[in-house]
Amino acid sequence: MQPSAVAPLVIDPTGSDLHGEAARIRERGPVARVELPGGIEAWAVSDPQLIRTLFTDPLVSKDPYQHWPTWINGGIGPDWPLFAWVVVRNMLTAYGEDHRRLRRLVSSAFTARRTAAMRPRIEAIAAGLLDELDARAPGEVVDLREGYAYPLPIQVICELFGIEDRAAREEMRRCTDSFFHTSAGPEEVDHAYTRMQELLRDLVAAKRKTPGDDLSSALIAARDDQSRLSEQELVDTLLLLISAGHETTVNLLGNAVHALLTHPDQLALVRDGRASWDDVIEETLRAEGPIANIPLRFAVEDIELDCGVTLAKGEPIIACLDAAGRDPNVNGPDADEFDITRSVKEHLAFGHGVHYCLGAPLARLEASIALPALFDRFPGMALAAGPGEPAPQESFISNGRRTLPVRLKG
């Protein structure tokens with residue numbers, strides 16, 4: 001029976017069982033019909049090689065304005081939980097020459113040299129946060145997500161973009177959280193997008209008045225020097241870089257810490273020098289990647305796949321990165337296990353092809369600094385959560401936990 005003839009698998013918008021859902025999608029074949037919030041049907045691609053093929057196929061677009069009839073015809077409103085993922089006009093949704101143009105404008109900010117130059121500042125931010133945690137009473141339960149995994153990357157990205165106002169930082173954080181909250185109600189969805197636009201337009205106005213040595217000012221200068229960057233593209237590019245620039249790293253740090261605390265044998269391998277922190281990072285990206293599913297791509301024309309499925313022109317596609325990372329055909333029969341010693345840690349956590357994440361080197365650098373610093377400072381740290389805890393985020397996009405309760409010292 002063709003996948004299109006089978007009732008679509010309804011995606012749980014609360015993300016209560018991401019790994020189980022990924023396995024169920026994978027069981028239906030390399031590409032399967034799913035139903036997203038709002039009754040939107042899509043193709044879910046879970047086979048790693050097929051994802052790579054589609055990510056590099058010019059017949060696959062991320063631009064709903066050109067290639068998604070449901071969007072073009074007004075079938076999607078601002079109350080849809082994924083609205084912010086399709087309404088924006090930036091690298092996330094651009095196609096062809098528009099994507100190349102937008103990517104060129106920001107790629108210079110994420111070169112290997114610029115990223116490496118940020119090491120001292122990241123080390124200082126991590127040290128300051130650890131000092132604050134060290135001042136907590138012995139035996140006290142601390143939410144490590146709130147006290148370390150979240151503030152470190154958001155401070156890094158806000159400094160990179162010259163966002164100094166603490167109140168604005170906190171509001172941007174709340175809006176970003178809502179973008180990933182795929183079971184959010186209409187009011188939250190609309191407020192988050194509208195408020196983030198207001199905050200970023202305020203940032204642009206302030207930077208135009210008083211430019212700084214930061215990426216926001218550089219993008220504004222490119223816009224005002226008569227580049228082909230429109231005002232909306234400027235704001236939406238800032239939205240993408242600021243939100244994506246910290247959310248994924250928050251989950252990378254939190255998932256790595258949780259994995260090591262629940263797998264003490266793996267932590268012992270790192271402490272004994274039998275495995276590296278790079279091993280920890282790459283295995284976390286594979287088995288507990290920060291993004292479970294990426295919406296949305298669209299078929300520019302009918303695409304006939306080798307597996308016998310045809311993606312019809314205009315149909316939406318989601319990439320199931322969690323399912324791909326845990327594919328037993330690629331990573332072995334124990335692909336569901338967290339094992340930093342495995343020789344192959346193949347994953348697509350940062351995407352593939354022209355949309356490969358520009359911030360991947362920065363995320364890896366932050367993790368390579370933050371994780372050893374944390375475990376060196378608190379060698380006796382232990383998880384302080386009951387069975388089934390901590391609860392996952394309410395998202396089928398973001399793979400993380402709402403809290404990370406630990407006892408730092410005995």
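Counting only the Cα atoms, segment 187-317 fills a convex hull of 221 Å³ per residue.
Each Cα pair under 8 Å and six or more residues apart adds its sequence gap; the mean of these over the residue count of segment 213-354 is a relative contact order of 20 percent.
Would you tally the net charge around Glu164, using a Cβ to Cβ cut-off of less than 13 Å, leaving Glu164 out, and scoring K and R as +1, D and E as -1? Cβ neighbours under 13 Å give a net charge of -3. Using a probe of 1.4 angstrom and keeping all protein chains present, the accessible surface of the chain works out to 42 square angstrom per residue.
Dimensions of the chain from C-alpha coordinates, computed as largest minus smallest value along each principal axis and given longest first, are 59, 57, 39 Å. Using only alpha-carbon positions in segment 137-229, the gyration tensor eigenvalues give semi-axes of 29, 20, 10 Å once each is multiplied by 5 and square-rooted (largest first).
Measuring nothing but protein heavy atoms, the accessible surface of the chain at 1.4 Å probe radius is 51 percent carbon and sulfur. The region of the chain that goes longest without hitting one of the trypsin sites (Lys or Arg not before Pro) in a DSSP loop, each with at most 12 other Cβ atoms within 10 Å, is 1-227. About its Cα centre, segment 15-171 has a charge dipole of approximately 880 debye under the convention of +1 per Lys or Arg Cβ and -1 per Asp or Glu Cβ, with nothing else charged. 3J(HN,Hα) couplings calculated from phi for segment 138-155 with the Karplus curve 6.51 cos²θ - 1.76 cosθ + 1.60 (θ = phi - 60°) are, in sequence order, x, x, 5, 7, 10, 7, 5, 5, 6, x, 8, 5, 7, x, 5, x, 6, 5 Hz; Gly and Pro show x.
Set against the 2.2 N^0.38 Å expectation for a compact globular protein, segment 1-143 has a Cα radius of gyration ratio of 1.47. Between Val141 and Asp272, the modelled labels are 3.2 nm apart [label points 7 Å from Cα along Cα→Cβ].
The values are calculated or read from the model by the stated rules, or taken from the named source; none is laboratory data. Quantities reported herein were computed from a predicted structural model and do not represent experimental measurements. So basically every Cβ, Gly included, is an ideal-geometry build from the backbone, and we count neighbours across all protein chains shown. Heads up: the accessible areas ignore ligands, DNA and RNA and are worked out on the full protein's heavy atoms, side chains in. Shrake-Rupley method; radii C 1.70, N 1.55, O 1.52, S 1.80 Å.
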